[in-house]
Amino acid sequence: MESLPSLLDGLYITLILTFISLIAGLFLGIGLALGRVYGGKIVSAICIGYIEIIRGTPLLVQLFIIYFAFPSIGITLEAIDAALLGLSLNSGAYQAEYLRGSIQSIPSGQMVAARTIGMTKLQSIKNIVLPQALRISIPAWSNELIYLLKYTSIVYIIQVKELTAEGKFIAAETFKFLEIFAIIAIIYLVLTIVFSTIIEKFEKKLRIPGLGEKAKIGLRNAL
Amino acid sequence: MHMLEVKDIHKSYGDLEVLKGISFSMNKGETAVIIGTSGTGKSTLLRCINQLHPPDKGEIWLDGVNITDPKIDINKIRQKIGFVFQEFNLFNHLTALRNVSIGLEKVKGFTKEKAEKKAIEELKRVGLKDQAKQYPAQLSGGQKQRVGIARALAMDPTIILFDEPTSALDPELIGDVLDVMKSLAHKVAMLVVTHEMGFARNVADEIIFMEGGVIVESGPPKQMFQNPKKARTKEFLGRISTLYGKD
Ligand SMILES: Nc1ncnc2c1ncn2[C@@H]1O[C@H](COP(=O)(O)OP(=O)(O)O)[C@@H](O)[C@H]1O
Ligand SMILES: [Mg+2]
């Protein structure tokens, strides 16, 4: 039980990584999705290119590039910062695709109607499209949170001392592999259940009266 | 000077020339009804008038201003041109009240309180004061369309364009919407695409018959129904009257 403090330190890092990447990824995702849907040819092509490159390459490779290859072009990051950047850039691409699906599921007539009362394109997006698209994306967002929570464990490879890394260290010292990893698994499991329950409540609360549950968007597989 | 002047409007989509030179004018507070078979370019004409799809050629003047001038601030002009859609196009995430007030708040810069106060007035006008807190998905088609009309009215437009406002409604709900439109006659100009011949006959000051991207004939209802000059007009009105009833 003397290992508990360092497990808590690791948990703290895991939560920081998860939430900052989720929020940064959300903003990046909103930008990418809007660029892809409403941008001109060039902006849209840039967004698509980014999304496809990120989704088409392993997260691990992305982290290695940021942590090990960036220094050769003069950008040296602390391990934790490299992890944050890598996870955020990665999550942004996935969140962009969820959001794009949501945006495109909103009947285009609403945008037209907003324009007919004199809203600019930007006002229509901000007041009409985004509030609906973000609501529709909440289940996908919950999925992304759980995905990130578990995939932060990958960053121990670039020496970030998050929960799994701490656990591995303690287990190697104490030889209590079973106990330590069981505790860690339970922590992930409890967090997953707590987060999905909270978000589900949130989603129900924000659900638009009279509209049923929205069609599901294709999600990345949160194994 | 006419309130609305449409001068020789042409519009093509790709190789398809939909509008082939449309000209007409309307006075303040007048109601004009556009009739014609589907695919004739009636919706296209309405979308040209509020510049949702700017015309390729020709001019549109509203209150003495050339609104087809590319230098004009079209978002300002659109406040003066209401639009009511066949499919309602309400904002699904907003209550009936917010559907009406959001334009006042975001476009006209009203405070939220002032916007909602005016929105309540507009909802009263269309008989939906009690539905103010309901969301579109909780309203019937006829109620949705009346919210759509209130939303357009709230901006204090000089003209409202209606694109088949009752075509998506169950027959028993059409009357309420037509009654609201009738109550607006002479208060705001209305340009209405519809198959409701009763409305055309009783409310319109002018009927415009379009076919193949041109205006075949136009005139007051009495003349159009009793004494059409063109054989084509007579034929169309005869057919549509048997389809949709005489009144
Ligand atoms: N956005 C568009 N792009 C291409 N073709 C269109 C578009 N809108 C309308 N059209 C075509 O223009 C013609 C006239 O359409 P429309 O104005 O909707 O007719 P109406 O309202 O009289 O039924 C139709 O052949 C239609 O297919
Ligand atoms: Mg039409």
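Would you confirm whether or not region A:79-96 contains a residue that is farther than 29 Å from A:ASP9 by Cα and charged (D, E, K, R)? No; the residues of region A:79-96 include none that is farther than 29 Å from A:ASP9 by Cα and charged (D, E, K, R). Listed by first and then second residue, the pairs with beta-carbon distance under 8 Å, at least 6 apart or on different chains, first residue in region B:180-199 and in the same structural domain as B:GLY29 (by TED's automatic domain parsing), second charged (D, E, K, R) and within 14 Å of ligand 2 (Cβ to nearest atom), are B:VAL193/B:LYS42; B:VAL193/B:ASP163; B:VAL193/B:GLU164; B:THR194/B:GLU164; B:HIS195/B:GLU164.
In this structure, does B:SER38 turn out to be within 16 Å of ligand 1 (Cβ to nearest atom), under 23 Å from B:THR194 (Cα atoms) and without any contact (Cβ under 8 Å) to a residue 60 or more places away in the chain? In short, yes.
Residues that are within 16 Å of ligand 2 (Cβ to nearest atom), at pLDDT 95 or above and under 25 Å from B:LYS182 (Cβ atoms) are absent from region B:54-75 altogether.
One residue is enough: does region B:116-125 have a residue meeting the conditions under 24 Å from B:ASN75 (Cβ atoms), in contact (Cβ under 8 Å) with a residue 40 or more places away in the chain, in contact with a helix residue (DSSP H, G or I) (Cβ under 6 Å, 6 or more places away or on another chain) and buried (at least 18 other Cβ atoms within 10 Å of the Cβ)? No - not one qualifying residue is present in region B:116-125.
Taking (1) modelled with pLDDT of 95 or more; (2) within 16 Å of ligand 2 (Cβ to nearest atom) in turn, B:SER38 satisfies each apart from (1). Return yes when B:ASN75 is free of Cβ contacts under 8 Å to residues at least 40 places away in the same chain and closer than 22 Å to A:GLY118 by Cα and no when it is not. Judged against the criteria, B:ASN75 is a match.
Can you tell me which residue among B:ASN66, B:ASN50 is touching a Ser or Thr at 6+ places or on another chain (Cβ under 9 Å) and of a type in the set (S, T, N, Q)?
Working: B:ASN66 fails: touching a Ser or Thr at 6+ places or on another chain (Cβ under 9 Å).
Just one listed residue meets the conditions, B:ASN50.
Kindly evaluate A:THR18 against the criterion of being in contact (Cβ under 8 Å) with a residue 40 or more places away in the chain and touching an Asp or Glu at 6+ places or on another chain (Cβ under 9 Å).
Working: in contact (Cβ under 8 Å) with a residue 40 or more places away in the chain: yes; touching an Asp or Glu at 6+ places or on another chain (Cβ under 9 Å): no.
Against the criterion (in contact (Cβ under 8 Å) with a residue 40 or more places away in the chain and touching an Asp or Glu at 6+ places or on another chain (Cβ under 9 Å)), A:THR18 does not qualify.
Can you list the strands (runs of 3 or more DSSP E) lying wholly within region B:13-122 that have 3 or more residues being of a type outside the set (Lys, Arg) and away from chain A (no Cβ under 14 Å)? Before you say what the answer is, go through the steps one by one.
Working: elements: B:16-26, B:31-35, B:57-62, B:81-84.
So the answer is B:16-26, B:31-35, B:57-62.
Listed by position, the helices (runs of 4 or more DSSP H) contained in region A:82-167 that have at least 1 residues being within 12 Å of another protein chain (Cβ to nearest Cβ) and not basic (Lys, Arg) are A:108-116, A:121-124, A:130-136. On inspection, B:VAL177 fails the criterion of being more than 14 Å from chain A (Cβ to nearest Cβ), within 16 Å of ligand 1 (Cβ to nearest atom), surrounded by 23 or more Cβ atoms within 10 Å (Cβ to Cβ) and under 20 Å from A:ILE117 (Cβ atoms).
Scanning region B:123-159 for residues being more than 10 Å from every other protein chain (Cβ to nearest Cβ) and not polar (S, T, N, Q) gives a total of 19. Does B:GLU5 count as among the acidic types (Asp, Glu), surrounded by fewer than 18 Cβ atoms within 10 Å (Cβ to Cβ), away from every other protein chain (no Cβ under 14 Å) and assigned to a strand (DSSP E or B)? Here the answer is yes, as B:GLU5 does meet what is asked. Filtering B:ILE22, B:ILE49 for residues that are over 20 Å from B:ARG78 (Cα atoms), in contact (Cβ under 8 Å) with a residue 60 or more places away in the chain and within 15 Å of ligand 1 (Cβ to nearest atom) leaves a single hit, B:ILE22.
The values are calculated or read from the model by the stated rules, or taken from the named source; none is laboratory data. Note that this is a predicted model, so its numbers are computed, not measured. Here the Cβ is made from the backbone with ideal geometry for all residues, glycine too, and neighbour counts use every protein chain on show.
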